[in-house]
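Chemist: Here's a structure for you.
The values are calculated or read from the model by the stated rules, or taken from the named source; none is laboratory data. Since we're looking at a predicted model, the values are computed, not measured. Neighbour counts run over all protein chains shown; Cβ positions are idealised from the backbone, glycine included. Surface areas here come from the heavy atoms of the whole protein model, side chains and all, with no ligands, DNA or RNA. Shrake-Rupley method; radii C 1.70, N 1.55, O 1.52, S 1.80 Å.
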Amino acid sequence: MSKFIFVTGGVSSSLGKGLTASSLGRLLKCRGLRVTMCKLDPYINVDPGTMNPGEHGEVFVTEDGGETDLDLGHYERFIDESLSRNSNTTTGTIYSSVISKERRGDYLGKTVQVIPHVTDEIKQRVLRLANDDVDIVIVEIGGTVGDIEIVPFVEAIRQLRRDVGRQNVCYVHLTLVPYLAPSGEQKTKPTQHSVTELRSRGIQPDVIVCRSDKDISDALKRKISLLCDVPIEAVISAVDAASIYEIPLVLHEEGLDAVVCRTLGIESDDHPIALERWEQLVRRIESSTRTVHIGVVGKYVNLPDAYLSVVEALRHAGFHHGVRVELDWIDAELVPDLIPRERLRELDGIVIPGGFGERGIEGMVAAAAYTREHQIPCLGLCLGLQVMVVDVARHLAALEGANSREFDSRTPHPVIDLMPDQENVVDKGGTMRLGAYPAMLAPGSQVFAIYGAGAVTERHRHRYEVNSRYRARLEAAGLRCSGTSPDDRLVEFIELPGHPFWVGTQAHPEFKSRPDRPHPLFRELLAAALERADGREPRLLDIGDLDPVA
Ligand code: GLN
């Protein structure tokens, strides 16, 4: 029987609830427990797929094509499990399901209400994650207690403790303990209020994790313990860490996993913790002194969370090479000006990440052209591949005015175009090419060498594709379409022979990178960037020289 941990937040958003939940997941995995995770998001959107990444951050894509909250990326990276669309539920999903059941007559004439119909629907979605292969389901509830939309979710998780038995549920509440500089004090009042709010909904937390920029003293812990009615060892101090990957170690030091196990009746002695590999990773992160400079040319550069998995994948590659990755966020709209181009020259490598809409496109094409001409390592992700193809079309294949039909519906050369099945799509949500698709890599190509495999799968999220009518023309101009769909109809990877690293993929490999297992494309982008930094001749990859992707 699976047990459940519910993680709620109070006082303020952005306290790092997702990272706390993920870190706890890692610790429990290190105790040999089988863990899965999910996020309940109280907003009304059915999924974040239609939300502006500049406001909400990245949309994380699961293997099965779910467009999910970016916290699922943290979950996957920390617990090292691939999750599915079922791991993210929103008010929108709940209500659309309840309303279609009502229309079908499933409620047999009853008045449909928040309790029990909406809460039952929420509970079902949590319960379906439990099975014989899972010891612990960690459920993070988005938002903060006190939000108007969160009420049905809090009620559902309250009921669940009765449904599955007290010993099978642990409530973890994350709060902020602010430090007030003028009085030189840390304040517990916001924590008390937030716990009172949670209790008013019928939930007494078992563990309180206090986020703070300074350690919480024992005296303060005692106060929180007394006023919030939790044992002192269940008051956990979570200070800011230098790297997010250090958080599991910080929380373990504080005894979080031990107190959670105790609450759930899991004998710590039966599940001793094996943290060595994670500690090794953190030591490696801390010991890297050399820096490599990577530019990210995109349109949402004011909110780096819009590219969260790309950033993490770059960092993972840095861990592998023992270097720190310093990011230079470059607003694509500014690239056509000379100054940012000079900025590009100073970089060791660049990434052109995914995106939608016309803004900044010409700057991305200019960045692609600049890296191509100046032998700067460049990795194009999804939209990044598309702008690289536009660059080759315009500047090497003499296809004047070439563009993606997404940005210029009347272009004479739509080298990137909609697939016929996308032509008449009206619904914006969940209708792209989504999730894992296989690709075949050409023997002897750079990507074949990088992956160390001829067949790979990567996650996708896009409507447009390289137009096969132009493929021969682009290849004649020097582009190599080095990976395609198994039926050879869709271009999945491109590269430029003779360039140290100018590689594009129609997919989003960043979603599969893990801290201790960087994605090979990011790992080799960084290898090429380090060579550029050293002023060394680019190394030619040898097949068999690299670990195949797991
Ligand atoms: N806008 C492009 C498309 O839909 C690229 C999408 C992306 O980068 N994820 O094809």
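Chemist: Being more than 27 Å from the chain's Cα centre (by Cα) and either assigned to a helix (DSSP H, G or I) or over 29 Å from PRO53 (Cβ atoms) (or both) narrows it down to one of ILE122, ILE115, ILE157, ILE150, so name that one. Even if it seems obvious, please write down each step before you answer.
Modeler: On the way: ILE122 fails: more than 27 Å from the chain's Cα centre (by Cα); ILE157 fails: more than 27 Å from the chain's Cα centre (by Cα); ILE150 fails: more than 27 Å from the chain's Cα centre (by Cα).
The conditions single out ILE115.
Chemist: Okay, next question. Find the residue count for the stretch 269-293, including only residues that are part of a loop (DSSP other than H, G, I, E, B) and touching a residue at least 60 places away in the same chain (Cβ under 8 Å).
Modeler: Step one: filter the stretch 269-293 for residues part of a loop (DSSP other than H, G, I, E, B), giving 271-275, 288-289.
Checking which are touching a residue at least 60 places away in the same chain (Cβ under 8 Å) leaves us with 271-275.
So the count comes out to 5.
Chemist: Taking the stretch 125-178 on its own, how many of its residues are open to solvent by less than 10 Å² (accessible area, probe 1.4 Å) and of a type in the set (S, T, N, Q)?
Modeler: Qualifying residue count for the region: 1.
Chemist: What's the total number of residues in the stretch 27-82 that are open to solvent by 10 Å² or more (accessible area, probe 1.4 Å), part of a helix (DSSP H, G or I) and under 18 Å from ARG517 (Cβ atoms)?
Modeler: Result for the stretch 27-82: 3.
Chemist: Go through (1) in a loop (DSSP other than H, G, I, E, B); (2) within 12 Å of the ligand (Cβ to nearest atom); (3) at negative phi one by one and return the number of the condition ARG410 breaks.
Modeler: Status for ARG410: all satisfied but (2).
Chemist: Next question, about the same structure. Being within 16 Å of the ligand (Cβ to nearest atom), in a strand (DSSP E or B) and of a type outside the set (Val, Ile, Thr) is the filter here, so list the residues in the stretch 494-508 that pass it.
Modeler: Step one: filter the stretch 494-508 for residues within 16 Å of the ligand (Cβ to nearest atom), giving 494, 503-508.
With in a strand (DSSP E or B) added as a condition, the list becomes 494, 503-505.
The answer is GLY504, and nothing else.
Chemist: Let me ask something additional. Which residues, counting only those in the stretch 221-268, are open to solvent by less than 20 Å² (accessible area, probe 1.4 Å), among the aliphatic types (A, V, I, L, M) and either farther than 19 Å from GLN204 by Cα or in a strand (DSSP E or B) (or both)?
Modeler: The answer is VAL235, ILE236, ALA238, LEU251.
Chemist: Another one. Show the residue pairs that are 6+ apart or on different chains and have beta-carbon atoms under 9 Å apart, the first residue being within the stretch 454-465 and more than 7 Å from the ligand (Cβ to nearest atom) and part of a strand (DSSP E or B), the second being of a type in the set (Asp, Glu) and open to solvent by 30 Å² or more (accessible area, probe 1.4 Å).
Modeler: Between residues of the stretch 454-465 that are more than 7 Å from the ligand (Cβ to nearest atom) and part of a strand (DSSP E or B) and residues that are of a type in the set (Asp, Glu) and open to solvent by 30 Å² or more (accessible area, probe 1.4 Å), the close pairs are THR457/GLU63; ARG459/GLU63.
Chemist: Scan the stretch 419-432 and tell me whether some residue there is away from the ligand (no atom under 16 Å from the Cβ) and among the charged types (D, E, K, R).
Modeler: Of the residues in the stretch 419-432, the ones away from the ligand (no atom under 16 Å from the Cβ) are none.
Scanning the stretch 419-432 turns up no residue that is away from the ligand (no atom under 16 Å from the Cβ) and among the charged types (D, E, K, R).
Chemist: Yes or no: ARG341 over 30 Å from ASP80 (Cβ atoms) and not in a loop (DSSP other than H, G, I, E, B)?
Modeler: Numbers: over 30 Å from ASP80 (Cβ atoms): yes; not in a loop (DSSP other than H, G, I, E, B): yes.
It is true that ARG341 is over 30 Å from ASP80 (Cβ atoms) and not in a loop (DSSP other than H, G, I, E, B).
Chemist: Step by step: first the residues of the stretch 348-398, then only those that are of a type in the set (Lys, Arg) and assigned to a helix (DSSP H, G or I), then the one that is least open to solvent (accessible area, probe 1.4 Å). Which residue is that? Lay out the reasoning, then the answer.
Modeler: Pass one, the stretch 348-398, residues of a type in the set (Lys, Arg): 359, 372, 394.
From what's left, assigned to a helix (DSSP H, G or I): 372, 394.
Numbers: ARG372: 25, ARG394: 57 Å².
Among those residues, the one meeting the criterion is ARG372.
Chemist: Hey, could you check the stretch 83-92 for residues that are open to solvent by less than 30 Å² (accessible area, probe 1.4 Å) and either in a helix (DSSP H, G or I) or in contact (Cβ under 8 Å) with a residue 60 or more places away in the chain (or both) and say which is nearest to ALA436 (Cα to Cα)? Spell out how you get there, then give the answer.
Modeler: Of the residues in the stretch 83-92, the ones open to solvent by less than 30 Å² (accessible area, probe 1.4 Å) are 83, 87-92.
Next cut, either in a helix (DSSP H, G or I) or in contact (Cβ under 8 Å) with a residue 60 or more places away in the chain (or both) only: 87, 91-92.
Details: SER87: 16, THR91: 26, GLY92: 24 Å.
Residue satisfying both the conditions and the ranking: SER87.
Chemist: Can I ask one more? Considering the stretch 102-124 alone, what residues qualify as being open to solvent by less than 60 Å² (accessible area, probe 1.4 Å) and either among the β-branched types (Val, Ile, Thr) or touching a residue at least 12 places away in the same chain (Cβ under 8 Å) (or both)? Before the answer, list the steps.
Modeler: Narrowing the stretch 102-124 to residues open to solvent by less than 60 Å² (accessible area, probe 1.4 Å): 105, 107, 112, 116-119, 121-123.
Listed by number, the residues that qualify are VAL112, HIS117, VAL118, THR119, GLU121, ILE122, LYS123.
Chemist: If you scan the stretch 179-210, which residues turn out to be open to solvent by 40 Å² or more (accessible area, probe 1.4 Å) and within 14 Å of VAL7 (Cα to Cα)?
Modeler: Correct list: GLN204 only.
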